[in-house]
Structure formats: C-alpha cells, structure tokens
Amino acid sequence: MANITKIYREILSRKDFQKEIDGAREQFRFRPFIEEYRPLKLFARWGRWLLALFSIATGLGFLFYSLAGALPYWVAFPIALSVLLFIELLKNSSVGISARGYYLNGKFPLVSLLAALAFSLSVFLSLNGVQSLFERHSSTVSSFEEAHLAQSDSIAKAYEAKLEKLEMEKVGFEESVSWLGKIDVSNKDVSATLGSFTSRRERLEKEKTDKLAGLEKEYETGKTKALEESELNLWLWVSLSAFVEAAILACLWFLVYYAYRVQSESELFLAESQKWWIGINDLKGFADAFLANAGNLFAYPTGTVDSPSRIGFAQGAKKKEDGDEKPENTLFKEGFKGVQDVEKEREELRAFLAKYPEVVKCIEEGVSTNQTSKVCGVSTSTVHNVKRCLRTLKSYK
C-alpha cells in the first residue's frame with residue numbers, strides 16, 4: 001500500500017499528469033443545469049431561426065407556384081412570403097405557450113391545438129414545396145430523354161443517308177443498262193447487280209432497325225435507373241424537410257424546458273441556502289437581545305430585595321410586606337423573540353401542509369411532480385410549494 005501511495009505521489013508531482021487529473025476533475029465535477037446545457041440552449045435559440053429559413057424557402061416553392069397561376073409574380077411572391085412568415089411566428093409563440101402550460105399544470109392548454117394546426121400546415125407546405133421544386137428543377141430524367149432522342153435521330157439520319165445513296169446508285173445503274181426505258185433482266189450480270197442492290201438495301205434497313213431497337217432497350221434501362229435515382233433524391237429532400245420541421249419543434253420545446261429546469265433548480269438552491277440564513281438570523285436576534293439585557297444581568301438591584309443573590313430580576317424589587325408584586329425575571333426574554341418567530345412560522349407551515357395531506361404523502365413516497373399533480377388533482381406549482389414547505393420545516397429541526 002505504501003508503494004502504491006508513493007507511486008501515486010510521484011505521478012501527482014509531474015505537471016503533465018497533474019494537468020490531466022485537473023482536466024478530468026473539471027470534466028466530471030458537478031454542474032448545475034444552467035451551466036451544463038447553456039451551449040445547447042444557445043444552439044437551439046439560433047438554430048430554430050436557421051431551420052425556419054429552410055422551412056420558409058421550401059414552403060415558398062409550393063405556395064408561390066400555386067398562386068403564380070392566378071396572380072402576377074410580383075403579387076404572388078409577397079403574399080406567399082407573408083403567409084409563411086406568419087405561420088413561423090405562430091409556431092414559435094403557440095409552442096412556447098403550450099410547453100409552459102404543460103410544465104406548470106401537467107397538461108396541454110387549448111392553444112396546443114393551434115400549435116398542432118400551425119405545424120401541420122407548415123409540414124404540408126414544406127413537403128409539397130420540396131416536391132414541386134425538385135420536379136421543376138431536376139434534370140436527371142429530362143436530360144437522359146434528350147440524349148436518347150438525339151442519338152436516335154443521329155442513327156436514323158445516318159442510315160437514311162446510306163439508303164438514299166444506295167438508291168441513287170441503283171437508279172444510275174438502271175439508266176446505264178436500260179434501252180428505250182427497258183432493262184434486259186435476262187442478262188445475268190444485270191440481274192445479279194440489281195439483286196445485290198436489293199440485298200444491300202435490306203441489310204441496311206435491318207441494321208437500322210436492330211440499332212434503334214438496342215438503343216431503345218438501353219434507353220428504357222437507363223430511364224428506369226434515372227427515375228430510381230430521381231425518386232431517391234426526392235425522398236432524401238422530403239426526409240430532410242420533415243427532419244427540419246421536427247428539429248424546429250425540438251428547439252422550441254427545449255428552450256422552454258431549459259427555463260423550467262433552471263427555475264426549479266434555482267428554487268431548490270435558494271431553499272437550501274435559507275436553512276443556513278434562518279439559523280444565522282436566529283443567533284443574531286438572540287445575541288442582540290442578550291446584549292441589550294446585559295445590564296440587567298450583571299447589575300445589583302437598587303431596592304430592598306429578599307436575597308442579594310437574585311441577579312437578573314427587575315430593578316426596584318421590594319419586600320413582600322410592602323404589598324408590591326413579586327419581581328419579574330426578564331433574562332433572555334427578548335433574546336428568544338427570534339425563536340418565537342420561528343415557532344410561529346413552523347405553525348404556519350404545518351397549517352399549509354395540513355391542507356394537502358395527499359400531496360405530502362406522495363412527495364414522501366418519492367412520486368414525481370407531474371405524477372403527484374395528476375393523482376392529487378393540483379397544479380405542479382402547488383406541488384413545488386408543498387416541497388419547499390417540507391424542506392423549510394425540516395431545516396428547523
């Protein structure tokens with residue numbers, strides 16, 4: 001064990017190891033929610049507006065082209081943009097109100113219906129806008145069709161030229177062997193030459209047909225592949241648009257949740273700190289009252305008293321036969337005034353807790369705040385107040 005301790009001390013003496021240890025301690029030290037998740041809050045605050053720009057752009061692609069069929073472009077564009085901006089602002093405000101209502105009362109308020117409507121409309125416009133923009137500006141299939149048509153025309157024209165040339169050769173030969181407009185087909189050479197023209201023409205037509213058929217087959221295969229790629233790209237854009245809408249909702253909700261957690265933790269920390277301040281205030285009140293009555297504590301009474309050993313009684317205590325009242329002992333009376341105030345506050349806390357026995361029972365059993373609110377039929381703020389009262393009452397013990 002001594003060797004292990006020695007080795008560890010040697011490690012700690014090295015600055016590079018000490019730096020790593022300090023970094024590890026810093027990484028795993030306790031951090032309140034406001035410190036741990038503040039970077040994520042800043043990301044959500046600015047990210048929601050960047051994502052909203054994408055949502056507006058895609059929705060504009062659908063709404064603008066829909067209005068442009070009936071309105072001029074310079075009228076359709078501002079109308080579409082205004083509608084989309086209104087929808088985004090409505091989403092921001094309604095989701096914030098819905099989330100706050102959920103964390104305060106444990107249920108969604110009626111404005112949540114408005115939030116759901118705004119998000120549904122935004123998703124509809126965004127998804128259709130992506131599809132509309134993609135169909136208008138995607139050139140994968142159209143460029144493939146244009147290339148196929150150009151190649152088909154090129155092959156057809158090439159063979160038409162060959163057939164035309166062959167036909168001209170045939171006509172020239174017929175003119176060279178004809179006599180008075182007639183051709184002697186009985187001549188074997190003439191007959192063989194004419195037959196070669198026919199066979200060459202048939203061969204060229206067959207080559208043309210085969211090439212066009214092969215090209216058509218390649219076109220169909222390529223077109224199918226191009227359509228699949230186009231559908232995949234469209235699906236990716238639609239998925240991205242749906243993700244953006246979900247991310248906007250997540251950002252808006254997290255901003256409210258962040259504020260809720262920060263407020264809850266701050267109340268918890270304040271309640272814990274009040275335990276110490278309550279004790280300090282009680283001691284301060286006791287000390288002030290003690291010093292105020294220090295003169296009575298150490299002074300001898302000026303009148304005639306039954307016993308000089310009675311210190312701390314009121315001045316002017318006389319003999320019993322004079323008919324005066326028995327002197328009153330006021331030592332520390334004022335010093336315990338702070339304690340009496342604490343006892344009064346205890347009674348008030350007990351009286352408040354007595355109104356919610358079921359809530360107290362659920363809290364003591366470790367039931368969550370939202371579940372306690374639902375079971376007991378009270379708001380979450382009431383549950384938090386009961387928790388604070390319980391913590392304060394326990395701090396007096």
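Things to note:
- Screening residue 124 on (1) touching an Asp or Glu at 6+ places or on another chain (Cβ under 9 Å); (2) at pLDDT 85 or above shows it passes everything except condition (1).
- In segment 166-186, the count of residues that are within 27 Å of residue 216 (Cα to Cα) and either among the aliphatic types (A, V, I, L, M) or part of a helix (DSSP H, G or I) (or both) is one or more.
- For residue 130, the test of being touching a residue at least 12 places away in the same chain (Cβ under 8 Å), farther than 30 Å from residue 202 by Cα, of a type in the set (Val, Ile, Thr) and assigned to a helix (DSSP H, G or I) is passed.
- Qualifying residue in segment 77-85 (condition: modelled with pLDDT under 90 and either of a type in the set (Ser, Thr, Tyr) or under 30 Å from residue 378 (Cβ atoms) (or both)): no
- Qualifying residue in segment 249-264 (condition: out of contact with any helix residue (DSSP H, G or I) (no Cβ under 9 Å at 6 or more places or on another chain), at pLDDT 75 or above and polar (S, T, N, Q)): yes
- Residue, surrounded by the fewest Cβ atoms within 10 Å (Cβ to Cβ), within segment 222-240, restricted to residues that are over 18 Å from residue 132 (Cβ atoms) and small (Gly, Ala, Ser): 222
- Selection count, segment 58-96, where residues are touching a residue at least 24 places away in the same chain (Cβ under 8 Å) and more than 24 Å from residue 111 (Cα to Cα): 7
- For segment 44-53, the set of residues classified as surrounded by fewer than 18 Cβ atoms within 10 Å (Cβ to Cβ) and either touching a residue at least 24 places away in the same chain (Cβ under 8 Å) or under 14 Å from residue 127 (Cα atoms) (or both) consists of 45, 47, listed by residue number.
- Going through (1) surrounded by 15 or more Cβ atoms within 10 Å (Cβ to Cβ); (2) among the hydrophobic types (A, V, I, L, M, F, W, C); (3) over 30 Å from residue 32 (Cβ atoms); (4) modelled with pLDDT of 80 or more one by one, residue 243 falls short only on (1).
- Just one of the listed residues (345, 358) is out of contact with any Asp or Glu (no Cβ under 6 Å at 6 or more places or on another chain), modelled with pLDDT of 85 or more, surrounded by 12 or more Cβ atoms within 10 Å (Cβ to Cβ) and farther than 12 Å from residue 390 by Cα, namely 358.
- Flag if residue 311 is part of a loop (DSSP other than H, G, I, E, B), surrounded by 13 or more Cβ atoms within 10 Å (Cβ to Cβ) and either modelled with pLDDT under 85 or within 60 Å of the chain's Cα centre (by Cα) (or both): yes
The values are calculated or read from the model by the stated rules, or taken from the named source; none is laboratory data. This one's a predicted model, so the numbers in the text were calculated from it and none came from an experiment. Because the Cβ atoms are built from the backbone with ideal geometry, glycine has one as well, and the counts that use them run over all protein chains shown.
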